[in-house]
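*Asks:* Please see the structure below; I have some questions.
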Amino acid sequence: MVFTSTAFFLFFPILLAFCTLVTFAAGRSMGERGQEKKKILVIALVLTLSVLCVFKYTDFALQILNQILSLFPSGNLLREPGIALPIGISFFTLQAAGYLVDVYRGRIPAERNIIDYALFVSFFPQLLAGPIGRAKSLLPQLKNPKLPSFRTVEKGFLLFLWGAFLKLVIADRAGVFVDTVYDGFEAGGYAGSVIVLAVILFGLQLYCDFYGYTMMAAGCAGMLGIELAENFSAPYLSASVQEFWRRWHISLSTWFRDYLYIPLGGSRCSRARKYGNLMMVFLVSGLWHGASWSFVFWGALNGLFLVLEEMLQPFWHRVGAVLRINTAAASFRIFRILINCFVINFTWIFFRGNGLAASLRMIQRIFASFGPGEIMGASLASYGLDSANLLVLAAALLVLLLADLAKYTGRCLSDWLLAQNRLFRELVIAGTVVLIAVIGVWGGTYNASGFIYFQF
């Protein structure tokens, strides 16, 4: 059964209301019936997460079952219902589940006002694609809102503009090149170097698309006087896989750390179990991102790289000591950043590829026909973006690099701008609005697209 658009949009508020009421009632019950806290928590978590599982994984489970049934000559295949995935369900269910666990652990008191709690679960800027809020920091702001000042509104608007720049100028433009190569690399016979460039651009597209959304969400919330959790912190300047996941989608990474990794035993156990815990977390993370073998493999690959990184750390320390490598040197860190970018971008192939088999064929194509000739000169303009749009993309990526370098070194460009004279600030803001409006949608090859994380 596939929902009609009208039925789907009518059903979505009911689904959101169900999760809100169940978790609110469970939180209140845990506060009033202390001896049965664990039972209440388990029942509420099962009800809440079952909603996510039914809508997100029913078709995938039936696909697996049909693959098993197809092995038998008389096996009757089951019909897949084609259930539509409500936008934002992966985010508000985890947010509500995190609230329940925090109440159970005694970290926060149970919320007694249903209106305040419903606002926490369904706060509109972050509802569709995060960041995943924590009740401890977000609920007090919603319960006791402060009247935003002009400076607060101005800073929120700057965050929104930065998000719009990332999405419209970089992500959507890079997506044209990425879609052209990923969807046509086999029929078009593209060279391996072009595919590598598309893989790198997809990593940047995904970053700017999701980072752009969270900045716009933070900007909207900021203009209302609400501060959302930081979700990205210059992740591509990370020197290890572990550091990358501390800086990428921070609200999800910390959610899995606090509510899955640590309850499994975290790192306070045997080394083998610790590695098993890491693999479990990343397998679940892969499934959270999408119900397909590609996402499962992507999660497993990230977990494997993280485990190998920890296992080999003593070995690399000994190698560095023998070779007398200055690990504190900037050149060594740059080398590690480049290696880490290679590793992370390799995993993105399975995240974006059109299925696991297609992703493996793409990797095979890279090694079979790699050569720098195809990415030199005007030939790049034949992959969806003309020369002018390629130049705009390159300039915008340079701006992103400078902004991330400033963030990485502890500088905040928005704070610097807000410290300038008012006339200068307003001229910069007005000029940025015009720049995004013109360049963000400029060029005949430009094609707007929805936010990538809406599908999760």
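*Asks:* For Glu230 and Asn354, compute 0.36 nm times the residue count separating them, minus their Cα-Cα distance, and round to one decimal in nm. Provide the component values of the computation, followed by the final result.
*Replies:* Numbers: separation 124, 0.36 × 124 = 44.64 nm, distance 3.08 nm.
Net length gain for the segment: 41.6 nm.
*Asks:* OK, next. Could you pull the accessible area for Val438 with a 1.4 Å probe, rounded to 10 Å²?
*Replies:* Taking all protein chains as shown, Val438 has close to 80 Å².
*Asks:* On to the next question. Keeping all protein chains in place and using 1.4 angstrom, which order do His289, His317 fall into by accessible surface area, from largest down?
*Replies:* Listed by decreasing accessible area, they come as His317, His289.
*Asks:* Once you order the gyration tensor axes a ≥ b ≥ c over the Cα atoms, which shape class does region 272-373 get: rounded for a/c under 1.5, otherwise prolate or oblate by comparing a/b with b/c? Please report the intermediate quantities before stating the final value.
*Replies:* Working: a/c = 2.74, a/b = 1.33, b/c = 2.07.
Verdict is oblate for region 272-373.
*Asks:* Grab the DSSP H runs of the chain that are 4 residues or longer, score each as -39,500 (n - 2.57), total them, divide by all residues and round the 222 nm result to the nearest 500 deg cm²/dmol.
*Replies:* That calculation yields -23000 deg cm²/dmol at 222 nm.
*Asks:* Okay, next question. To the nearest 0.05, what FRET efficiency results for Arg257 and Ser387 with a Förster distance of 45 Å applied to their C-beta separation? The partial results should precede the final answer.
*Replies:* Values: r = 45 Å, r/R0 = 1.00.
Computed FRET efficiency for Arg257 and Ser387: 0.50.
*Asks:* With a 1.4 Å probe and all protein chains left in place, how much of the accessible area of the chain comes from carbon and sulfur atoms, in whole percent?
*Replies:* It is 68 percent, rounded to a whole number.
*Asks:* A follow-up question, please. Please give the length that would be gained between Ser267 and Ala437 if that part of the chain were fully extended, namely 0.36 nm times their separation in residues minus their C-alpha to C-alpha distance (nm, one decimal).
*Replies:* Answer, rounded to one decimal: 56.4 nm.
*Asks:* A follow-up question, please. Might you work out the accessible area of Ser387 for me, using a 1.4 Å probe with all protein chains in place, and round it to the nearest 10 Å²?
*Replies:* 70
*Asks:* Continuing with the same structure: Using the Karplus curve 6.51 cos²θ - 1.76 cosθ + 1.60 with θ = phi - 60°, work out ³J(HN,Hα) for each residue of region 401-413 in order, rounded to whole Hz, and write x for Gly and Pro.
*Replies:* Result, rounded to whole Hz: 4, 5, 5, 5, 4, 5, 5, 5, 8, x, 9, 10, 5.
*Asks:* Along the Cα-to-Cβ line of Leu427, 7 Å from the Cα, sits a label point; which residues in region 135-170 have backbone N less than 11 Å from it?
*Replies:* none
*Asks:* Could you compute how much accessible surface Asp172 exposes when probed at 1.4 Å, giving the result in Å² to the nearest 10?
*Replies:* Here the accessible area works out near 0 Å².
*Asks:* With a 1.4 Å probe and all protein chains left in place, how much accessible area per residue does the chain have, in Å²? Provide the component values of the computation, followed by the final result.
*Replies:* Details: 22600 Å² over 456 residues.
In whole numbers, the chain has 50 Å² accessible per residue.
*Asks:* Please work out whether the chain counts as rounded, prolate or oblate from its C-alpha gyration tensor, where a ≥ b ≥ c are the square roots of the eigenvalues and a/c under 1.5 means rounded, while otherwise a/b larger than b/c means prolate and anything else oblate?
*Replies:* It comes out rounded by the Cα gyration axes.
*Asks:* Further question: In terms of Cα to Cα distance under 16 Å, which aspartates and glutamates are near enough to Lys146, apart from those fewer than 8 places away along the same chain?
*Replies:* Output for Lys146: Asp116, Glu154, Glu227.
The values are calculated or read from the model by the stated rules, or taken from the named source; none is laboratory data. Predicted, not measured: the structure shown is a model, and the values here were computed from it. So basically every Cβ, Gly included, is an ideal-geometry build from the backbone, and we count neighbours across all protein chains shown. All accessible areas refer to the heavy atoms of the entire protein, side chains included, with ligands and DNA or RNA removed. Shrake-Rupley method; radii C 1.70, N 1.55, O 1.52, S 1.80 Å.
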